[in-house]
Amino acid sequence: MAITIKSAREIELMSEAGRILEIVHNELAKALHPGMSTKDIDRLGEDVIRSYGCIPSFLNYDGYPASICVSVNDEVVHGIPDKHRIIKEGDIVSLDAGVIYKGYHSDAARTYGIGRISPQAEKLIEVTKQCFFEGIKYARAGCHLHEISNAINDYIDTFGYGVVQDLVGHGIGTKLHEDPQIPNFHQRRRGVKLMPGMTLAVEPMINAGTWQVSWLDDDWTVVTDDGSLSAHYENTILITEGEPEILTLSASA
């Protein structure tokens, strides 16, 4: 396992990549409405990314054909935008996006309700977001990686939701996916000791029902096996000497 420790200059570049990605998500959140296609979302996201002189991390990554992963309802991640896929009132939509700024990546995901959504959907979105924050309580120098994983799973267990096990978080830097892998479910080993300068993408993917998922025939879109709703929340974080710094979420947000 080769985990990179970022220099002060690299952290500066990743911080800017994170700042721009937060703007992308904010613009997408403002634009979401019933009747727009998932392709409309992708076009807008790519336009905003490029307007800041950045490159979409996801476009053509291992053949992925879009800039924004748009996953609706029972789709967990990696939904492919389509001009014929129209979002409607009551849907929940997960948006996963990344930008490359001067060779450095940032990665973040949010799940949004479209119009009025069910109380069950609202709770799933809130809990998924909170389990990220429960996890990063342990994203501190001297802690071990899997303390993050175990904290996420411990929190989710109190709600009876399913924690996706086929997909995990990851290190990030000059590559979108670097070591180490960051599971969102219980681990028996402690994992590596966290050190200042590590940059990680922590991303709980939580299902209202079973944790089990399948891939659709497009080889990208991941869906829940039981058709239950799924939510996704992710930020790129920096391990420091003290509290972790969230590069894709400003302190005032």
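The values are calculated or read from the model by the stated rules, or taken from the named source; none is laboratory data. Only a predicted model underlies this, so the values are computations on that prediction, with no experimental measurement involved. No Cβ is skipped: glycine too gets one built from the backbone with ideal geometry, and neighbour counts run over all protein chains shown. Ligands, DNA and RNA are stripped out before the accessible areas are found, and what is left, the full protein with its side chains, is counted by its heavy atoms. Shrake-Rupley method; radii C 1.70, N 1.55, O 1.52, S 1.80 Å.
Some notes on this structure:
- Test: SER252 is polar (S, T, N, Q), surrounded by fewer than 15 Cβ atoms within 10 Å (Cβ to Cβ) and at pLDDT below 95: yes
- Subset of region 226-249 that is among the hydroxyl-bearing types (Ser, Thr, Tyr), out of contact with any Gly (no Cβ under 8 Å at 6 or more places or on another chain) and within 23 Å of ILE156 (Cα to Cα) - its residue that is surrounded by the fewest Cβ atoms within 10 Å (Cβ to Cβ): TYR233
- Here ASP107, ASP91, ASP47 are screened, and the one residue that is at pLDDT 95 or above, out of contact with any Lys or Arg (no Cβ under 9 Å at 6 or more places or on another chain), of a type in the set (Asp, Glu) and within 18 Å of THR199 (Cβ to Cβ) is ASP107.
- Of the strands (runs of 3 or more DSSP E) contained entirely in region 179-225, those carrying at least 3 residues that are open to solvent by less than 50 Å² (accessible area, probe 1.4 Å) and either touching a residue at least 24 places away in the same chain (Cβ under 8 Å) or not acidic (Asp, Glu) (or both) fall at 199-202, 205-207, 222-224.
- Residue within region 170-178 that is open to solvent by 10 Å² or more (accessible area, probe 1.4 Å), under 24 Å from ASP74 (Cβ atoms) and not in a strand (DSSP E or B) present: no
- GLY209, sole failed condition from (1) closer than 23 Å to SER106 by Cβ; (2) of a type in the set (Gly, Ala, Ser); (3) in contact with a strand residue (DSSP E or B) (Cβ under 7 Å, 6 or more places away or on another chain): (1)
- The set of residues in region 1-27 that are under 19 Å from TYR233 (Cβ atoms), open to solvent by 40 Å² or more (accessible area, probe 1.4 Å) and in contact (Cβ under 8 Å) with a residue 40 or more places away in the chain contains only ARG19.
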